[in-house]
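Student: One structure is given below, represented as structure tokens, and several questions about it will come after.
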Amino acid sequence: MAGDIIPIELRLTRGDFVTLWAPEWHEGDDEWEAFLGRDEDLYGFEAVAHLAAFIRNDSDNDLVDHPSWTVVSALAANELEPDDLHRFDLVGVPELVAEDPDSDVLGELAATFEMVQTLGDVCELSTVTAFFAGNPHLGSVGMGVEAYLGKDGQDLWDRIGTSIAKSWGAVIDAIDSVVTTPDVDSAAVDVAEAELLAAAENIVDVDDVSNDEESDDDDETDDETPDPIADAAAEESFWTTVGIDPIRIITSDETLYTLRCYIDDDPIFLGRAGTITVFGSERALARYLADDHDHELAKVSTYAEVQTAAVDGSLRIEVTDENVYVLPGLADDLADGPTVVDADQLDLAVELFTDAADFAEDDSVETALASSTPLGWFVSYTLEPDPNRLAPSAPFHVESEAWRELEREFEGRLRKE
């Protein structure tokens, strides 16, 4: 989304509402964060078309002073649809905490809690801020499945369930109380709905093409059904064919997307001059790829196929597991020793940091991870355990801080569009 104004969906007791959220931005020495609304009201709309119609005609809300408001208010209606990462089911939280704490459950809870805390802070909802202040154990949902192993872990999960059962209803009620839906011009709604319909009709689905071909061919049987596994394989084969991979990077603040490939083992990212261009959603990345930009991937012979697919709307940004990089928590785990660190997560992070440094023609990562350094020895021992090797010895503060520095250097190479 342009300028970090992000469409979000909130599922509340009163229904599902779409609105806009502007994460922290700076104006001079001042730092701001806001939602679409005015004073004490948070504006929520039951449909994207109503949201689009409103922002195109309203100039009296808390986001109009955002540097990108004029860009966002001119977007097509379909560009205001929240992506999956920005749909928050507040009503479903009690059901989630009743399940086992697997990675999917914890990921959804962490995202929802973070958004609810933000709503509480920005909208000055004392009920919400008091709930999180009084239940600090809720922050453990961001620590991963390991936090809930064993008896202590089960007790922690039970405490979270108890807290939600006791007070979550009041949290939702507090947010419900500030959501209002302003009047919207019906003609503007009709225009936005027409845009959404046109965008939907222009999306060519593999299943639809298959069905059309079947209906046109009298020799084909009528009971043949689309194969989602085959569709997924076809999509995967596209990226395999062009030799370029979408990647997902999860930092402590957000989830980002970009592209990377290798030419003669040299990494090439979507970006230039050592800076990697990243996006807050798959959709934003796909939109960027449809236009002409000056970046290193444009020099790759197969990139034209990616751009063509982006232009005709057939491109799907699908990230495979081996291209997902999770950075939060690693530095803390390093401080606790090799036995605590997730070796797979660490290995992927090392790969990402090394590739980014190589792309920038910078040897700082290689130097930091040399076996002669405390961090390099720690990483080598963790990724290649050997009982005959001398294990790193505690304390591990030096290693942890060195890793944090690598993480800061890496994030400094990112440029978000």
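Student: Which length gain, in nm to one decimal place, applies between residue 191 and residue 336 when the Cα-Cα distance is subtracted from 0.36 nm times their residue separation?
Tutor: Additional length available on full extension: 46.5 nm.
Student: So if each residue of separation counts as 0.36 nm, and I subtract the Cα-Cα distance between residue 373 and residue 60, what length gain in nm does that give?
Tutor: Using 0.36 nm per residue and subtracting the Cα-Cα distance, I get 107.0 nm.
Student: Straight-line reach from residue 166: which lysines have Cα under 24 Å away, leaving out those fewer than 8 places along the same chain?
Tutor: Output for residue 166: 151.
Student: Follow-up question, since we're still on this one. Between residue 344 and residue 411, how high is the FRET efficiency from 1/(1 + (r/R0)^6) when r is the Cβ-Cβ distance and R₀ = 25 Å? Nearest 0.05.
Tutor: Once the sixth-power term is evaluated, E becomes 0.75.
Student: Kindly point out which whole DSSP H helices in the chain project their C-alpha atoms 18 angstrom or further along the helix axis while averaging a Kyte-Doolittle hydropathy of -0.5 or above.
Tutor: 103-122, 150-178, 186-201, 228-242, 343-359
Student: Oh, and also: Note down the nm distance, to one decimal, between modelled labels 7 Å out along Cα→Cβ at residue 324 and at residue 126.
Tutor: Those two pseudo-labels are separated by 4.1 nm.
Student: Per Stokes-Einstein, at 4 °C and 1.567 mPa s, what whole-number D in µm² s⁻¹ belongs to segment 342-396, with the Kirkwood radius over Cα pairs as the hydrodynamic radius?
Tutor: For these conditions, the coefficient is 108 µm²/s.
Student: For residue 173 and residue 200, what is the calculated FRET efficiency with R₀ set at 41 Å and r taken between the beta-carbons, to the nearest 0.05?
Tutor: Once the sixth-power term is evaluated, E becomes 0.70.
Student: Quick one: with all protein chains in place, what share of the accessible area of segment 348-416 is carbon or sulfur, to the nearest percent (1.4 Å probe)?
Tutor: Here it works out to 52 percent.
Student: Do any trypsin sites (Lys or Arg not before Pro) in segment 312-411 lie in a DSSP loop with no more than 12 other beta carbon atoms within 10 Å, and if so, which?
Tutor: 389
Student: Just the number please: accessible area per residue for the chain, 1.4 Å probe, all protein chains included, in Å².
Tutor: I get 52 Å² per residue for this part.
Student: Right, here's the next one. Report the full-extension gain for the segment residue 146 to residue 293: residue separation times 0.36 nm, less the Cα-Cα distance, to one decimal in nm.
Tutor: 48.7 nm
Student: Pick out, in residue order, every one of the GluC sites (Glu not before Pro) in segment 240-341 that is DSSP loop and has at most 16 other C-beta atoms within 10 Å; say none if there are none.
Tutor: Taking segment 240-341 and a limit of 16 other Cβ atoms within 10 Å, the loop GluC sites (Glu not before Pro) found are 254, 318.
Student: Follow-up. If I compute percent of Cα pairs over 30 Å apart from the structure I just sent, which labelled value in [x] 45; [y] 38; [z] 53 lines up?
Tutor: Here the calculated entry is [z].
Student: Looking at segment 332-377, which GluC sites (Glu not before Pro) are DSSP coil and have at most 10 other C-beta atoms within 10 Å of their C-beta?
Tutor: 361
Student: When the Cα centres of segment 132-197 and segment 284-332 are compared, how far apart do they sit, in Å?
Tutor: Between the Cα centres of segment 132-197 and segment 284-332 lies a distance of 30 Å.
Student: Have a look at 136, 182, 338 and tell me which one the Gaussian network model of the chain (Cα, springs below 10 Å) gives the largest fluctuation.
Tutor: For the chain, modelled as a Gaussian network with Cα springs under 10 Å, the answer is 136.
Student: Counting helices only, and only those DSSP H runs with n ≥ 4, report the 222 nm mean residue ellipticity of the chain as the sum of -39,500 (n - 2.57) divided by its residues, in deg cm²/dmol to the nearest 500.
Tutor: -14500 deg cm²/dmol
Student: Quick check for you: which residues of segment 383-417 have the amide N under 16 Å from the point 7 Å beyond the Cα of residue 351 toward its beta carbon?
Tutor: Label zone hits: 383-384.
Student: Next question. For an R0 of 45 angstrom, estimate the FRET efficiency from the Cβ-Cβ distance between residue 302 and residue 381 and round to the nearest 0.05.
Tutor: Given R0 = 45 Å and the Cβ-Cβ separation, E is 0.70.
Student: Give me the distance in nm between label points sitting 7 Å out from Cα along the Cα-to-Cβ direction at residue 266 and residue 394, one decimal.
Tutor: So the label points at residue 266 and residue 394 sit 4.5 nm apart.
Student: For labels at residue 32 and residue 16 in the simple 7 Å Cα→Cβ model, what's the distance in nm?
Tutor: About 3.1 nm separates the two model spin labels.
Student: Just report the Cα centroid separation between segment 72-107 and segment 355-409, whole Å.
Tutor: One Cα centre to the other: 35 Å.
The values are calculated or read from the model by the stated rules, or taken from the named source; none is laboratory data. Being a predicted model, the structure only gives us computed values, none of them experimental. As a convention, Cβ positions derive from the backbone with ideal geometry for all residues, glycine included, and neighbour counts pool all protein chains shown. Ligands, DNA and RNA are excluded from the accessible area calculation, which covers all protein heavy atoms including side chains. Shrake-Rupley method; radii C 1.70, N 1.55, O 1.52, S 1.80 Å.
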